Amino acid sequence: MIASSKIITEQPINVADACCGGIEAFLEPKLFKALCDPTRVAVLSRLTELAKESTVTQVAACCTVDLSVVSRHLSVLREAGIVESEKRGKQVYYRVRYQDLSTSLRKLADAIDACCPPE
């Protein structure tokens, strides 16, 4: 149980509004939508395991879904800024945007820490 002192006010205080006013800037819906699907997470995980630029076929080895489904999932990840792609001839190569992903998540974590510092 968390102990807290009781403050009597005429209107309820929304703690999130009082201390976390700027956190919305770091809540990127496309990022969270892209990461909320288990297959997309598996696709991202596979891409990180390969540790190099990879084609849809190489990435698809992780999943029991059709190649076209993996391709669609990679497109969602690309639109969210998690991966990037480069077309070479008939093949499209995907790679994780580690720095950008890390920066986005770090900014969110920093905003949460600033809002709700550890006790």
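In the range 109-118, the condition of being closer than 17 Å to L35 by Cβ, in contact (Cβ under 8 Å) with a residue 40 or more places away in the chain and either out of contact with any helix residue (DSSP H, G or I) (no Cβ under 8 Å at 6 or more places or on another chain) or part of a helix (DSSP H, G or I) (or both) is met by at least one residue.
For the range 92-102, a residue qualifies if it is surrounded by 13 or more Cβ atoms within 10 Å (Cβ to Cβ) and over 15 Å from R46 (Cβ atoms), and the qualifying residues are V92, R97, D100, L101. When each of R106, R72, R40, R97 is tested for being touching a strand residue (DSSP E or B) at 6+ places or on another chain (Cβ under 6 Å) and of a type in the set (K, R), the lone residue that passes is R97. Among helices (runs of 4 or more DSSP H) entirely within the range 1-80, having at least 2 residues that are touching a Lys or Arg at 6+ places or on another chain (Cβ under 7 Å), modelled with pLDDT of 95 or more and surrounded by 17 or more Cβ atoms within 10 Å (Cβ to Cβ) singles out 67-79. Please go through the range 54-94 and give me each residue that is charged (D, E, K, R), within 19 Å of K33 (Cα to Cα) and in contact (Cβ under 8 Å) with a residue 12 or more places away in the chain, ordered by number. Across the range 54-94, the qualifying residues are R78, E79, E84. When the criteria are applied in full, L108 fails the requirement of being of a type in the set (A, V, I, L, M, F, W, C) and modelled with pLDDT of 95 or more.
The values are calculated or read from the model by the stated rules, or taken from the named source; none is laboratory data. What you are looking at is a predicted structure, and each value in this text was computed from that prediction instead of being measured. Note that we place each Cβ from the backbone using ideal geometry, even for glycine, and neighbour counts take in every protein chain shown.
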